[in-house]
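These notes are about the structure you will find just below.
The values are calculated or read from the model by the stated rules, or taken from the named source; none is laboratory data. Only a predicted model underlies this, so the values are computations on that prediction, with no experimental measurement involved. No Cβ is skipped: glycine too gets one built from the backbone with ideal geometry, and neighbour counts run over all protein chains shown. Ligands, DNA and RNA are stripped out before the accessible areas are found, and what is left, the full protein with its side chains, is counted by its heavy atoms. Shrake-Rupley method; radii C 1.70, N 1.55, O 1.52, S 1.80 Å.
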Amino acid sequence: MGPYLSVVIPVYNEEPNLRELFARLQGVLDSCGESYELLFVDDGSHDRSAAILREFHAERPEHVRVIEFNANYGQHQAIIAAFERVRGEVVITLDADLQNPPEELPKLIDAVKQGHDVVGTYRRMRRDNFFRRWASRVINRVRERTTGIKMRDHGCMLRAYRREIIDHIVATREGATFIPALALNFAGNPTEIEVAHARRSAGSSKYRFYDLIRLNFDLMTGFSLVPLQIFTMLGMLVATFSGAFVFYLFIRRLVVGPEAQGVFTLFAILFFLVGMLILGLGIIGEYIGRIYLQVRNRPHFIIRAVHEQPEK
Ligand code: UDP
Ligand code: MG
């Protein structure tokens, strides 16, 4: 029989945070009375993270499992690798950088016990700079409108899921996807609770601004066809207007006779339309790219080693 709780933690160059994280997690979970496992995934760290995780396993082999990737495949792949192996009934994901205080775990467990199959979180007093807060508000709006996925705070990975949801996520075998959004797709009774959020205690954020844009683009194209539909609409609109314009020019030709003016206006309109065309092509390309990645079906990550005890 597996434990009640699986805590999944992706780790990429988190050497300065790991010991405190491990100590605090043990403190919280040992006193909460449920059986648990900690499932760390080393995402190809270049520092001593992997070695430290192996020490944790040696220290408490019955509680700690470690998966080591052979290279850096990204946070989401790390989480998926862990999802494929979890043994618990309830699964919680947690960042290793201590921005999500482990002390909040019991709150999530309580929400699951109340019958929620997906427990999202939003951060009280987010400790990020103003620009990041503002950007995520705008992006949230757009995402909600296009994908219908309602999430107050998609940057917070401290989340709990019932095991069935995890099994569905693993079964989709999608390459690039956003786990919290996918989980909401499958959720029957989701909820969101408020959690504390600390400043990163050491090390630096692994996400650059570009990655954040990519993530949101993935969200849009991964969960909705609206970007494509917008272009179909736009095409219809432009076709209607140019049809009317042609008709107008035809009448003018009959009434006024031949004329050649407004060349620059026409060029301006043309350049605008060519710009739209290229944008549309780019968006189609995004979708085709996703299809390509999916069809090619290469492994999303390679596991170098697993340190764990066999399931009881
Ligand atoms: N992470 C990972 N692989 C990566 C980047 C990040 O496993 O390629 C882990 C990282 O160690 C941390 C979590 O994902 O546990 C979130 O990363 P980070 O704190 O850098 O993201 P932010 O909080 O800035 O969104
Ligand atoms: Mg962080």
Can you pull out the residues in region 1-29 that are outside any helix (DSSP H, G or I) and either among the aromatic types (Phe, Trp, Tyr) or open to solvent by less than 30 Å² (accessible area, probe 1.4 Å) (or both)? GLY2, PRO3, TYR4, LEU5, SER6, VAL7, VAL8, ILE9, PRO10, VAL11, TYR12, GLU14
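Are any of the residues in region 30-45 more than 24 Å from VAL90 (Cα to Cα) and either surrounded by fewer than 15 Cβ atoms within 10 Å (Cβ to Cβ) or within 14 Å of ligand 1 (Cβ to nearest atom) (or both)? Break it down into steps so the answer makes sense when it comes.
Narrowing region 30-45 to residues more than 24 Å from VAL90 (Cα to Cα): 44-45.
Pick out the ones that are also either surrounded by fewer than 15 Cβ atoms within 10 Å (Cβ to Cβ) or within 14 Å of ligand 1 (Cβ to nearest atom) (or both) and you get 44-45.
Yes, because at least one residue in region 30-45 is more than 24 Å from VAL90 (Cα to Cα) and either surrounded by fewer than 15 Cβ atoms within 10 Å (Cβ to Cβ) or within 14 Å of ligand 1 (Cβ to nearest atom) (or both).
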Single condition ARG87 does not satisfy, out of (1) open to solvent by less than 30 Å² (accessible area, probe 1.4 Å); (2) not in a helix (DSSP H, G or I): (1)
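Condition first: on the phi > 0 side of the Ramachandran plot and surrounded by 10 or more Cβ atoms within 10 Å (Cβ to Cβ). Now tell me which residues in region 238-283 satisfy that.
Answer for region 238-283, where residues must be on the phi > 0 side of the Ramachandran plot and surrounded by 10 or more Cβ atoms within 10 Å (Cβ to Cβ): just GLY262.
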Out of VAL306, VAL274, sole residue that is in a strand (DSSP E or B) and among the aliphatic types (A, V, I, L, M): VAL306
For region 193-213, does any single residue satisfy the condition of being farther than 29 Å from LEU5 by Cα, open to solvent by 60 Å² or more (accessible area, probe 1.4 Å) and away from ligand 2 (no atom under 16 Å from the Cβ)? yes
Working only within region 155-198, note down all residues that are part of a helix (DSSP H, G or I) and either out of contact with any helix residue (DSSP H, G or I) (no Cβ under 8 Å at 6 or more places or on another chain) or not aliphatic (A, V, I, L, M) (or both). ARG163, GLU164, ASP167, HIS168, ALA171, THR172, PRO180, LEU184, ASN185, PHE186
Only one of these conditions is not met by GLY148: (1) without any contact (Cβ under 8 Å) to a residue 60 or more places away in the chain; (2) at positive phi. Which number is it? (1)
